[in-house]
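The values are calculated or read from the model by the stated rules, or taken from the named source; none is laboratory data. Just so you know, these numbers come straight off a predicted model, no measurement behind them. Cβ: placed from backbone, ideal geometry, glycine included. Neighbour counts: every protein chain shown. With ligands, DNA and RNA removed, areas are computed over all heavy atoms of the protein, side chains included. Shrake-Rupley method; radii C 1.70, N 1.55, O 1.52, S 1.80 Å.
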Amino acid sequence: MSTILRTKGLFLAAALSLFALPALARTLVEPPFFADKVAKNELPPLAERLPQNSIVVNPPGGDYGGDVVTLVPRARDIRYISTYAYTRLVGYDRQLDLQPDLLERLENEDDRVFTFTLRAGHRWSDGSPFTAEDFRYYWEDVAQNRELSPAGPPEFMMVDGKLPRFEVLDERTVRYTWDKPNPRFLPQLAGPLDPGIYRASAYLKRFHAKYADQAALDEEARKQKLKSWAALHNRLDDMKEQTNPDLPTLQPWRITNTAPASRFVFERNPYYHRIDDEGRQLPYLDRIIMDVSAPGLFAAKANAGEVDLLFRGLSMTDVPILKEGEKAKGYKTLLWPYARGTELALYPNLNTTDPVWRKLNRDVRYRRALSLGIDRRTLNNALLFGLGVEGNNTVVAESPLFSPELRTLNATYDPAEASRLLDEIGLTERNGAGIRLLPDGRELEIIVETDGESSLVVDGLTLIAEFWREIGVKLFIKPQDRTVLRNRSYAGLTVMVASAGFDNAIPTAIMPPTEYAPMRQDNYAWPKWGQYVETKGKNGDPVDIPEAERLLQLYETWMNTGNRTVQREVWTEMLRNHAENQWVIGTVAGALQPIVLRNGLHGLPDKALYSWEPTAMIGIYRPDELYWNKAAGKEARR
């Protein structure tokens, strides 16, 4: 059950099942990692570092101590700890209910008025207070300062082009008020990329022209080969990238070194706001160590026992080599279903500039024919060892919005019906090789472009080429650089693109259905429609297919209501619309994400869903609760 209760249009934070009870009076246990600093009066004792109303994890996990070694493919990828450490103002629990986290309390009046109350005594990692001033500083001095934020405040904080009214009610309380509902607000705050609507103001004011000498700041910027004080401020204001060890954080671990380096070390935050029921401050682990390694070596290094925890950078094709090293190197490989709409999706470009292909891609009979011409059972066996789920690009069974019939609607293997539909369209002429001819005499050869980064996608396309040949359709695979592919798509030069399906395939009704409406140019099915919406009509093309226009109308309905029943009805119709129209042709879902976990490291479930959104990879499963057992002492000494 959600721990945010609805009463007369108001959501009130209640006792948390995940975070149990407030700290109240309990014996606190100082982390040994900080004992020496506390003894030397370089750091206050734990009782003075915690908020008065800390989050309490119950039941408790394990003992303090130890490091965890993981891998990143390049130095800049240390930023992903911001995603999976998953400390948010409000975040999802394992049931995908929203819960206060950094906030002590949240009041939500009909998705229009949001009142945030902070925890008394909560501090940043440098000991400075975390207060309403940090929200005011971001809103007035960063988001609305054109030198720091040329594009202005983030789009999700605008409703009908209007910003909210922001108020500081007291030192611990802020309020955002919109005239109309903004149901995206809380899900955005809980997303895999923290939008950071607060800043460490006590630190950053030293680099802001409003609070410090601008000439001195500009001079310092020039020394660092930057154009102005604003560029200096933006470089140091780095909540996501993790390149500034001096920037205070609220996350469980803080970065201690900078690039260039082959190893990055994150150490525990002495002021972190969570404790367990036995008075131990989280995280249990002292350090997260990230070693830079070539991505092609990830599985081999895991097989050799060189990591304690690894997930990002591994795929299902790595499972055999990972399983091979488990016994000898003392680790296990968890296999979590990846909650994507489909692992291999085909995106007919409805906005392609070629008029013949454009007309064909827009014919729902053609899209259905291509879908019915795919033998998903063979794909499943070849790509996912027969463990996948065959069918459309849609939500997975674990989503409360799941409908079984939508997985298979127009998505079974029926080459006879596929051929009949193609004949009905008028594609009856064939060449000597049996390939159908387009109205202008060209072969019906679909050039399917892909970024080539996934062997599963390329292997799958090779099989689909064989299936489609049976119905008189030729497929040519064109791998290329991802940036080149996206630019070609945005320009309308692609005919069809192969990529993964929906990122968020476990949505709940409170999550915005942005990915399911033609609103973003990065959707390969309708890039120019997305451009038109994103640029408010300055670029791109307006949506001109009624069924797609309906998706936009439904999204607007979702955006303009705080009624959860209406939001669920919107989701239901949008999902059916996708299955009926085959805007994106799905194949097989349910790939397994390998997670390497050294023996003795505890805290992750044996089975759970993995995704970018909404699980933030492993974020909602609380990595700050990972711990070494006593038998793993040698691992904990890394």
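Looking only at region 104-126, which residues are aliphatic (A, V, I, L, M) and surrounded by fewer than 21 Cβ atoms within 10 Å (Cβ to Cβ)?
Val113, Ala120, listed by residue number.
Is it true that Glu569 is of a type outside the set (A, V, I, L, M), within 21 Å of Pro512 (Cβ to Cβ), out of contact with any helix residue (DSSP H, G or I) (no Cβ under 8 Å at 6 or more places or on another chain) and not in a loop (DSSP other than H, G, I, E, B)?
The answer is yes for Glu569.
Starting from region 353-364, take each residue that is at negative phi and open to solvent by 30 Å² or more (accessible area, probe 1.4 Å) and list its partners that are small (Gly, Ala, Ser) and part of a loop (DSSP other than H, G, I, E, B), counting only C-beta distances under 7 angstrom and pairs at least six apart or across chains.
Thr353/Gly492
Mind checking which residues of region 174-231 are under 29 Å from Glu104 (Cα atoms), of a type in the set (A, V, I, L, M, F, W, C) and in a helix (DSSP H, G or I)?
Hits for region 174-231 are Phe185, Leu186, Leu189, Ala202, Leu204.
Within region 492-507, is even one residue of a type in the set (Phe, Trp, Tyr) and part of a helix (DSSP H, G or I)?
No, the conditions are met nowhere in region 492-507.
Scan region 537-577 residue by residue and report those that are in contact with a Leu (Cβ under 8 Å, 6 or more places away or on another chain) and not hydroxyl-bearing (Ser, Thr, Tyr).
Val543, Ile545, Ala548, Arg568, Val570, Trp571, Glu573, Met574, Leu575, Arg576, Asn577
May I ask you to say which residue of Asp194, Asp218 is acidic (Asp, Glu), open to solvent by 30 Å² or more (accessible area, probe 1.4 Å) and in contact with a helix residue (DSSP H, G or I) (Cβ under 8 Å, 6 or more places away or on another chain)? Lay out the reasoning, then the answer.
Values: Asp194 fails: open to solvent by 30 Å² or more (accessible area, probe 1.4 Å).
None of the others qualify; the one that does is Asp218.
Can you tell me which residue among Arg199, Arg172, Arg184 is more than 26 Å from the chain's Cα centre (by Cα), basic (Lys, Arg) and either under 24 Å from Tyr80 (Cα atoms) or modelled with pLDDT of 95 or more (or both)?
Result of the check over Arg199, Arg172, Arg184: Arg172.
Six or more apart or on different chains, Cβ under 6 Å: which pairs go from a residue in region 428-449 that's farther than 19 Å from Glu466 by Cβ to one that's charged (D, E, K, R) and assigned to a loop (DSSP other than H, G, I, E, B)? Could you list them?
Close Cβ pairs (under 6 Å, with a partner that is charged (D, E, K, R) and assigned to a loop (DSSP other than H, G, I, E, B)) amount to Leu437/Glu429.
Hey, Ile447 hits all of (1) surrounded by fewer than 17 Cβ atoms within 10 Å (Cβ to Cβ); (2) over 16 Å from Pro527 (Cα atoms); (3) out of contact with any Lys or Arg (no Cβ under 6 Å at 6 or more places or on another chain) but one; which does it fall short on?
Going through (1) surrounded by fewer than 17 Cβ atoms within 10 Å (Cβ to Cβ); (2) over 16 Å from Pro527 (Cα atoms); (3) out of contact with any Lys or Arg (no Cβ under 6 Å at 6 or more places or on another chain) one by one, Ile447 breaks only (3).
Could you check region 127-138 and list, in sequence order, the residues that are open to solvent by 10 Å² or more (accessible area, probe 1.4 Å) and either out of contact with any Ser or Thr (no Cβ under 9 Å at 6 or more places or on another chain) or among the polar types (S, T, N, Q) (or both)?
Gly127, Ser128, Pro129, Thr131
When the residues of region 319-337 are filtered to those that are crowded, with 20+ Cβ neighbours inside 10 Å and out of contact with any Asp or Glu (no Cβ under 7 Å at 6 or more places or on another chain), which remaining residue is modelled with the lowest pLDDT?
Selected residue: Pro337.
Are any residues in region 97-113 closer than 17 Å to Met511 by Cα and either without any contact (Cβ under 8 Å) to a residue 40 or more places away in the chain or of a type outside the set (Asp, Glu) (or both), and if so, which ones?
Leu98, Gln99, Pro100, Asn108, Arg112
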